[in-house]
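The structure appears below as structure tokens.
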Amino acid sequence: MMEASGFKRSILITGGAGFIGSHVVRRFVKQYPHYLVVNFDALTYAGNLENLTDLEHAPNYRFVCGDIANLQEVRSAFEAWRISDVVHLAAESHVDRSIADPTAFVRTNVMGTLNLLLCARDSWNDSTAHRFFHVSTDEVFGSLGQEGYFIESSPYDPRSPYSASKAGADHLVRAFFHTYGLPIVISNCSNNYGPNQFPEKLIPLIINNLLEGRDLPVYGKGLNVRDWLWVMDHAAAIDLLFHRAAPGSSYNIGGNCEMSNIALVRLLCRLVDEKFGKTPGASEHKITFVADRPGHDHRYAIDTSKIFADFGWKPTVPLEEGLRQTIEWYVNHRDWLQNVCSGAYREYYRNHYDSKSG
Ligand code: NAD
Ligand code: DAU
């Protein structure tokens, strides 16, 4: 038995070394010193412990290198740390990779989620004392036309292997509520942006390419629309829902901030040009229209009225301000970006942790 006793809750946060997970881990560790936060992450290409160096010596933080798709590793963590709650973010998260290789997405997103559910079901006797919080995506609802918004009861209509695997996970999570009474909560969120995002996703990819003077690839005509949310607003919503949402409920989370990809890329060009005192329009000539993503969802937009009505949550950071902060962060963390691009970040675990359970 490891030292989980003495803490009010022992929360397994999966995928905590990734983009959103790192912000969620930091928020829980800092806001709740009486909770033990166990970050369970397989450190795939998307996991980066350099996102969490400031927490390494926090008394209520532990890192466990483990794979959610390996039932035995998940069971061992549940037993060793007497896990009372789960906040589940670990996933294969990039749509383009899911098109190239769907198998890893089913393994992690579906089988991995099932393993966590099985361990929670088998370990928790009193459902009122626990929470299984599943972090999902608005992409499970499919693609919108020019009008309308996703609401919590929108039908599932996933169109990429990524969103299909997330939808499969959502269905399993709900099934464990109905069948076994597991106290689950699901959130479905739109596109996040901010510090620590892997530069395969649109915003950090464009910022990185702007800093390196490279072309700026825009799929198709750039008319697809996404709704953008500052990542720390998402972390705040997860915290709120984890503590207050009723078992079995689900909530949509979004930025109330729709923009076409081409407008977003032009905005990033303007903000970077302004930051470096370049002539207005200097970077736009780097925009290159490239082949479209197969099955590219046209538009995502979220109706956030349920989370606002129930808990008063709304996004706090306007897009332009959040983008300025994001650009500032990437400019001030060129070493982070370089370590990611060179692959050096993958050495961090080996250099800083000498046993598997950290
Ligand atoms: P990310 O790719 O940045 O991070 C994923 C993390 O999961 C990494 O640290 C990786 O090492 C870990 N991981 C992957 N496979 C694992 C496995 N088998 N076992 C243990 N750990 C594993 O992802 P993100 O963008 O931070 O997304 C986090 C979650 O939020 C995902 O579930 C995603 O579906 C969801 N989500 C993301 C967004 C977004 O805009 N990024 C929006 C809505 C929902
Ligand atoms: O909506 C939530 C989802 O948002 C999350 O569930 C996913 O994990 C997350 O990756 C994100 O999915 P998207 O596919 O919307 O994000 P991405 O950053 O890959 O692409 C955003 C838009 O930009 C999309 O319409 C495709 C386009 N794009 C993307 C890249 C990488 C380009 O035009 N050029 C690019 O190079």
Residue check, ASP239 away from ligand 2 (no atom under 14 Å from the Cβ) and under 30 Å from HIS178 (Cβ atoms)
yes
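Being closer than 25 Å to GLN31 by Cα and surrounded by fewer than 20 Cβ atoms within 10 Å (Cβ to Cβ): is that true of THR316 here?
Numbers: closer than 25 Å to GLN31 by Cα: yes; surrounded by fewer than 20 Cβ atoms within 10 Å (Cβ to Cβ): yes.
For THR316, the condition - closer than 25 Å to GLN31 by Cα and surrounded by fewer than 20 Cβ atoms within 10 Å (Cβ to Cβ) - is met.
Those residues that are under 13 Å from ALA77 (Cα atoms) and away from ligand 2 (no atom under 16 Å from the Cβ), I need them from the stretch 1-33; list them, please. Full working, then the answer.
Of the residues in the stretch 1-33, the ones under 13 Å from ALA77 (Cα atoms) are 1-4, 10-14.
Hits for the stretch 1-33 are MET1, MET2, GLU3, ALA4, SER10, ILE11, LEU12, ILE13.
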Can you name the residue in the stretch 48-69 that is touching a residue at least 12 places away in the same chain (Cβ under 8 Å) and surrounded by fewer than 19 Cβ atoms within 10 Å (Cβ to Cβ) and, of all such residues, is farthest from HIS352 (Cα to Cα)?
PRO59
Exception for ARG226 within (1) within 13 Å of ligand 2 (Cβ to nearest atom); (2) in a helix (DSSP H, G or I) falls at (2)
Could you list, in sequence order, all residues of the stretch 153-184 that are in contact with a helix residue (DSSP H, G or I) (Cβ under 6 Å, 6 or more places away or on another chain), outside any helix (DSSP H, G or I) and in contact (Cβ under 8 Å) with a residue 40 or more places away in the chain?
SER160, GLY181, LEU182, PRO183, ILE184
Of all residues in the stretch 325-348 being polar (S, T, N, Q) and within 13 Å of LEU211 (Cβ to Cβ), which is surrounded by the most Cβ atoms within 10 Å (Cβ to Cβ)?
THR326
Taking only the stretch 264-288 into account, find how many residues are surrounded by fewer than 13 Cβ atoms within 10 Å (Cβ to Cβ) and either touching a Gly at 6+ places or on another chain (Cβ under 7 Å) or under 11 Å from VAL218 (Cβ atoms) (or both).
1
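Looking only at the stretch 250-258, decide whether some residue is under 25 Å from HIS171 (Cβ atoms) and charged (D, E, K, R). Talk me through it step by step, then tell me what you get.
Of all residues in the stretch 250-258, those under 25 Å from HIS171 (Cβ atoms) come to 250-254.
From what is left, the residues that are charged (D, E, K, R) are none.
No - not one qualifying residue is present in the stretch 250-258.
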Condition met for VAL106 (touching a residue at least 12 places away in the same chain (Cβ under 8 Å), surrounded by fewer than 24 Cβ atoms within 10 Å (Cβ to Cβ), within 16 Å of ligand 2 (Cβ to nearest atom) and closer than 25 Å to ALA164 by Cβ):
yes
Pairs, please: C-beta under 7 Å, at least 6 apart or cross-chain, first residue within 16 Å of GLN197 (Cβ to Cβ) and in the stretch 328-347, second not in a helix (DSSP H, G or I)?
TRP329/PRO195; LEU337/PRO199; VAL340/ASN48; VAL340/PHE198; VAL340/PRO199; TYR345/ASN48
If GLY281 meets every condition in (1) over 19 Å from GLY322 (Cβ atoms); (2) small (Gly, Ala, Ser); (3) within 12 Å of ligand 2 (Cβ to nearest atom) apart from one, which number is that one?
(3)
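If you take the residues of the stretch 1-28 that are more than 14 Å from ASP85 (Cβ to Cβ) and among the aliphatic types (A, V, I, L, M), which of them is surrounded by the most Cβ atoms within 10 Å (Cβ to Cβ)? Show your work before the answer.
Of the residues in the stretch 1-28, the ones more than 14 Å from ASP85 (Cβ to Cβ) are 1-3, 5-6, 15, 17-23, 26-27.
When the remaining residues are screened for being among the aliphatic types (A, V, I, L, M), the result is 1-2, 17, 20.
Values: MET1: 8, MET2: 15, ALA17: 30, ILE20: 23.
Result: ALA17.
Take the stretch 200-218 and flag every residue that is under 22 Å from the mean Cα position of the chain (by Cα) and more than 11 Å from ligand 1 (Cβ to nearest atom). So that I can check it myself, show each step before the final result.
Initially, the stretch 200-218 is screened for residues under 22 Å from the mean Cα position of the chain (by Cα), giving 200-208.
Answer for the stretch 200-218, where residues must be under 22 Å from the mean Cα position of the chain (by Cα) and more than 11 Å from ligand 1 (Cβ to nearest atom): LEU205, ILE206, ILE207, ASN208.
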Out of everything in the stretch 160-199 that is more than 15 Å from ligand 1 (Cβ to nearest atom) and not aromatic (Phe, Trp, Tyr), what residue ends up being nearest to the chain's Cα centre (by Cα)?
ARG174
Scan the stretch 75-96 for residues that are in contact with an Asp or Glu (Cβ under 8 Å, 6 or more places away or on another chain) and within 11 Å of ligand 1 (Cβ to nearest atom) and report the count.
3
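Residue-by-condition table, conditions (1) buried (at least 22 other Cβ atoms within 10 Å of the Cβ); (2) within 25 Å of ALA246 (Cβ to Cβ); (3) at pLDDT 95 or above:
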{"position": "ALA80", "(1), (2), (3)": "no, no, yes"}
{"position": "VAL87", "(1), (2), (3)": "yes, yes, yes"}
{"position": "ALA100", "(1), (2), (3)": "no, no, yes"}
{"position": "ALA129", "(1), (2), (3)": "no, yes, no"}
{"position": "GLU139", "(1), (2), (3)": "yes, yes, yes"}
{"position": "TYR156", "(1), (2), (3)": "no, yes, yes"}
Just wondering, is there one or more residues in the stretch 152-159 that are within 16 Å of ligand 2 (Cβ to nearest atom) and in contact with a strand residue (DSSP E or B) (Cβ under 6 Å, 6 or more places away or on another chain)?
yes
Note on LEU36: of the conditions (1) surrounded by fewer than 24 Cβ atoms within 10 Å (Cβ to Cβ); (2) away from ligand 2 (no atom under 15 Å from the Cβ), unmet is (1)
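The values are calculated or read from the model by the stated rules, or taken from the named source; none is laboratory data. No experiment lies behind these values; they were computed from the predicted model shown. FYI the Cβ positions are ideal-geometry reconstructions off the backbone, even for glycines, and counts take in every protein chain you see.
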